[in-house]
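For reference, the structure is listed below as structure tokens.
The values are calculated or read from the model by the stated rules, or taken from the named source; none is laboratory data. Being a predicted model, the structure only gives us computed values, none of them experimental. All Cβ positions, glycine included, derive from the backbone under ideal geometry; neighbour counts span all protein chains shown.
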Amino acid sequence: MLFTDRPLRLGTRGSPLALAQARMAAQALIDAHGWAEDAIQIVPVQTSGDRIQDRALAEIGGKALWTKELDRALAAGEIDFAVHSMKDVETIRPDAFRIAAMLPRADVRDRLIGAETFDDLPAHPLIGTSSPRRAAQVKRLRPDATITLFRGNVATRLAKLAAGEVHATLLAAAGLDRLDQQGIGVAMSIETMLPAPSQGAVGVETLTVNDAVAEALAAINHRETFDCVMLERAVLKGLGGTCHSPIAALAVVEGEMLFLRAEIISPDGSETVREEARLPRGDLRSGEAAGQALLDRASPALRTLFEG
């Protein structure tokens, strides 16, 4: 144990999915080090993103809404590390923190809930999502669709769908699986809906100066996931992407290389710019270049989404 007088404190958002992911991380550490079951204390921290449910993230501060309270607790010494859904972690992080480990990645795909296929939806369907990427991809597939804001945890969104507020919604397969909702929805192929950068990945972050905790976390770091997600995040950095930018990216391991696919999409789905590359692991500079290449080939209207 790192601290003989107290358990290690793992900070997390308080949603059912976040707590499930925190338990996964805690159990992985306990198993890796042979620690007692009470060696880690899970500390729920309410975030602004959980409190504010009636507006899109881009309107109220972006991805920092999921991390800033956990960052504050980490900096104040109230927790020793924090667990995050990596797709909710802003691209540029403060130097005070380091992503020390990622768990093995889960299913990266989206699931369509409410219909078997997009073609099965009625004319002019109403689709609920808070994701600009999903909204743009839906419009690309069904230009007649109307998108409505759908915030809240998984149970809230499924309840809205069941109440008939929308014809269909889309949720991450990984989150549904972690909540034992494997039978819900139909998985979309990667070719139909390329996922968000970092989708399906859970990361653990600690203070940059806390070498003891970082060393403990290294034992549960899944290198393949880490390398792929860091490359996808590099694409985001090259794009200067924000929460209101429709961006998709996925890297997969091919031996000692990574195969990267990325795309940016106009909000109405009418323009898609794609990039593919095989890059060495750890070549984050080329990942940034791939993001820049997408911008270079985009129309002026699409490029404006990534400016400022």
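Exactly one residue among 76, 20 is at pLDDT 90 or above, surrounded by fewer than 19 Cβ atoms within 10 Å (Cβ to Cβ) and more than 27 Å from residue 177 (Cα to Cα), and that residue is 76. Within segment 194-207, residues that are at pLDDT 95 or above sit with their Cβ atoms under 8 Å from residues that are among the aromatic types (Phe, Trp, Tyr), at 6+ positions apart or across chains, in these pairs: 204/81; 205/81; 205/97; 206/81; 206/97; 207/97.
Every condition in (1) outside the structural domain of residue 81 (by TED's automatic domain parsing); (2) touching a Lys or Arg at 6+ places or on another chain (Cβ under 9 Å); (3) modelled with pLDDT of 95 or more holds for residue 214 except the one numbered (1). Annotation: residue 302 fulfils all but one of (1) part of a strand (DSSP E or B); (2) under 30 Å from residue 147 (Cα atoms); (3) more than 19 Å from the chain's Cα centre (by Cα); the unmet one is (1).
Considering segment 141-153, and only residues there that are crowded, with 20+ Cβ neighbours inside 10 Å and under 22 Å from the mean Cα position of the chain (by Cα), the residue that is modelled with the highest pLDDT turns out to be 147.
Candidates are the residues of segment 46-73 that are assigned to a helix (DSSP H, G or I) and among the basic types (Lys, Arg); the one that is modelled with the highest pLDDT is 72.
Please indicate, with yes or no, whether at least one residue in segment 285-298 is touching a residue at least 24 places away in the same chain (Cβ under 8 Å) and exposed (fewer than 14 other Cβ atoms within 10 Å of the Cβ). Checked segment 285-298: at least one residue is touching a residue at least 24 places away in the same chain (Cβ under 8 Å) and exposed (fewer than 14 other Cβ atoms within 10 Å of the Cβ).
Is at least one residue of segment 236-249 of a type in the set (Gly, Ala, Ser), under 16 Å from residue 89 (Cβ atoms) and in a helix (DSSP H, G or I)? No, segment 236-249 contains no residue that is of a type in the set (Gly, Ala, Ser), under 16 Å from residue 89 (Cβ atoms) and in a helix (DSSP H, G or I).
Just so you know, in segment 95-115 the residues that are of a type in the set (D, E, K, R) and under 23 Å from residue 220 (Cβ atoms) include one that is surrounded by the most Cβ atoms within 10 Å (Cβ to Cβ), and it is 105.
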